[in-house]
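The block underneath contains the structure these notes are about, expressed in structure tokens.
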Ligand SMILES: *Cc1c(COP(=O)(O)O)cnc(C)c1O
């Protein structure tokens, strides 16, 4: 007989955690369409309704449970079908389980001995994705987001041209320039600034009427910069632009880059997940010609945030560029092959384990499960576009390229008027007003934005494959109903 008795503290904590899980099940995981997406409060109201203050003494468990309840109450339910605000949505049970597991283990992936399973798992996932991209692809990183991946690419592009900057710094460099389309992700500019390249040295290449980079403009602008004495270090091409979902003509861009010996980075944060779909993979044709690329499984593939991959063709460059060999962590006399200590090729030290939830979802669904997820979403986007085109109270902004459906709601006075852009100033005010009503109701969260000379428009884009055609009809009817009431 053992005289083991649970320590009261452990019992108390166990009870507490079980209660938390109950709460999450009831109020987050198993919500339905009848629940609101959010309970909107202004910042001033929320300050009053929520106990943000921190005190000398701790609260008891009942109070803590209440704090959790309120946190959920006033937070946005991004797993709700009508959260259509960003390039992530949905709540995958296997992804969530994966996230819970790694959070419980509190893993940090840098050396094999502290993260044996996750280290090998990262290697397997990176190798498999590389294999799906092309035979020459060799290495990669898990990143805290695609933005960071874009920054990493610019850094590597510069390092390849000037390997001694690792020791000497950037003081002796000429003016460097980077090219990206005018519809590229803003992180290109941010990281150009961060790296000391400067935002002004990110040259915007013009896009055509559907949002694709115009290669002739790229060539002209490269020549202009070369004539002006600048050194071109990278071209960033986007596969799946954030707003319109356009795909830059990658093969033609790659040809320019090869001719000029310039690093080609492909930002496929949003479009890259398509590698899983036989039906739609062709949108990525040519991706293998890049030097580096990013894919965000937390976007199209609905892996919980964050899960972002940076891949690179040159198998040595990450180590050459980033390794430092800190001897308190990457000791040279370990009892196993230190090649398994992957951490030194990263800029981060401690690092969250993002691989597991992706790997686990992959195990649960198989590649074919990701493919059908994608195909379902693409069908839904097609249906959405068809409905917009069929109705006189809506108009497409430009032809759909991917899952992004960019559209205007047209108040009565703008219907059947031909070129709606002649009424841009009025149209510009429509989407924000409708959105404000939807958010205050908590019914639908749908994003909008202007683009180039185009006035504000809505962007429908879902990564939640439980959305149905009925939901699409509901969303359009809901917008129309609010619009009719607002714009008599
Ligand atoms: C979302 C997005 C990014 C940035 O990814 P984060 O993970 O949000 O940092 C970069 N490029 C494109 C095209 C994107 O859509």
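Any residue that is in the same structural domain as residue 162 (by TED's automatic domain parsing), out of contact with any helix residue (DSSP H, G or I) (no Cβ under 9 Å at 6 or more places or on another chain) and on the phi < 0 side of the Ramachandran plot - is there at least one of those in the stretch 307-321? Looking through the stretch 307-321, at least one residue is in the same structural domain as residue 162 (by TED's automatic domain parsing), out of contact with any helix residue (DSSP H, G or I) (no Cβ under 9 Å at 6 or more places or on another chain) and on the phi < 0 side of the Ramachandran plot. When 141, 154 are checked against the criterion of being farther than 30 Å from residue 363 by Cβ, assigned by TED's automatic domain parsing to the domain that holds residue 322 and within 16 Å of the ligand (Cβ to nearest atom), a single residue qualifies: 154. Within the stretch 158-187, if we keep just the residues that are assigned to a helix (DSSP H, G or I) and farther than 18 Å from residue 225 by Cα, the residue that is nearest to the chain's Cα centre (by Cα) turns out to be 187. All conditions but one from (1) under 21 Å from the mean Cα position of the chain (by Cα); (2) more than 23 Å from residue 163 (Cβ to Cβ) apply to residue 312; the one that does not is (2).
Taken as a whole, the condition of being part of a helix (DSSP H, G or I), assigned by TED's automatic domain parsing to the domain that holds residue 300 and in contact (Cβ under 8 Å) with a residue 12 or more places away in the chain applies to residue 119. Whether a residue is free of Cβ contacts under 8 Å to residues at least 12 places away in the same chain, away from the ligand (no atom under 16 Å from the Cβ) and surrounded by fewer than 24 Cβ atoms within 10 Å (Cβ to Cβ) was assessed, and residue 333 passes this test. A residue that is farther than 27 Å from residue 93 by Cα, touching a residue at least 40 places away in the same chain (Cβ under 8 Å) and not in a helix (DSSP H, G or I) can be found somewhere in the stretch 372-391. Criterion first (free of Cβ contacts under 8 Å to residues at least 40 places away in the same chain, in the same structural domain as residue 180 (by TED's automatic domain parsing) and surrounded by 24 or more Cβ atoms within 10 Å (Cβ to Cβ)) does residue 272 satisfy it? Yes.
When the residues of the stretch 101-116 are filtered to those that are assigned to a helix (DSSP H, G or I) and in contact (Cβ under 8 Å) with a residue 40 or more places away in the chain, the one that is surrounded by the most Cβ atoms within 10 Å (Cβ to Cβ) is 102. Test residue 61 against the criterion of being within 16 Å of the ligand (Cβ to nearest atom) and surrounded by fewer than 19 Cβ atoms within 10 Å (Cβ to Cβ), and give yes or no. Spelling it out, it is not the case that residue 61 is within 16 Å of the ligand (Cβ to nearest atom) and surrounded by fewer than 19 Cβ atoms within 10 Å (Cβ to Cβ).
Inspect all residues belonging to the stretch 1-13 and state whether any of them is modelled with pLDDT of 95 or more and not assigned by TED's automatic domain parsing to the domain that holds residue 242. Scanning the stretch 1-13, I find no residue that is modelled with pLDDT of 95 or more and not assigned by TED's automatic domain parsing to the domain that holds residue 242, so the answer is no. Among the residues of the stretch 50-94, those identified as part of a helix (DSSP H, G or I) and under 28 Å from residue 465 (Cβ atoms) are 71, 72, 73, 93, 94. Could you say whether any residue in the stretch 86-100 is modelled with pLDDT of 95 or more, loosely packed, with under 11 Cβ neighbours inside 10 Å and within 32 Å of the chain's Cα centre (by Cα)? No, there is no match, as no residue in the stretch 86-100 is modelled with pLDDT of 95 or more, loosely packed, with under 11 Cβ neighbours inside 10 Å and within 32 Å of the chain's Cα centre (by Cα). Taken over the stretch 267-280, the residue count meeting the criterion of being in contact with a helix residue (DSSP H, G or I) (Cβ under 6 Å, 6 or more places away or on another chain) and more than 10 Å from the ligand (Cβ to nearest atom) is 6.
When you check residue 250 against the structure, is it at pLDDT 95 or above, more than 21 Å from residue 148 (Cα to Cα) and either out of contact with any helix residue (DSSP H, G or I) (no Cβ under 9 Å at 6 or more places or on another chain) or within 16 Å of the ligand (Cβ to nearest atom) (or both), yes or no? Answer is yes for this residue.
The values are calculated or read from the model by the stated rules, or taken from the named source; none is laboratory data. If you're wondering where the values come from, they're calculated on a predicted model, not measured in any experiment. Note: ideal-geometry Cβ built from the backbone for every residue, glycine included; neighbour counts use all protein chains shown.
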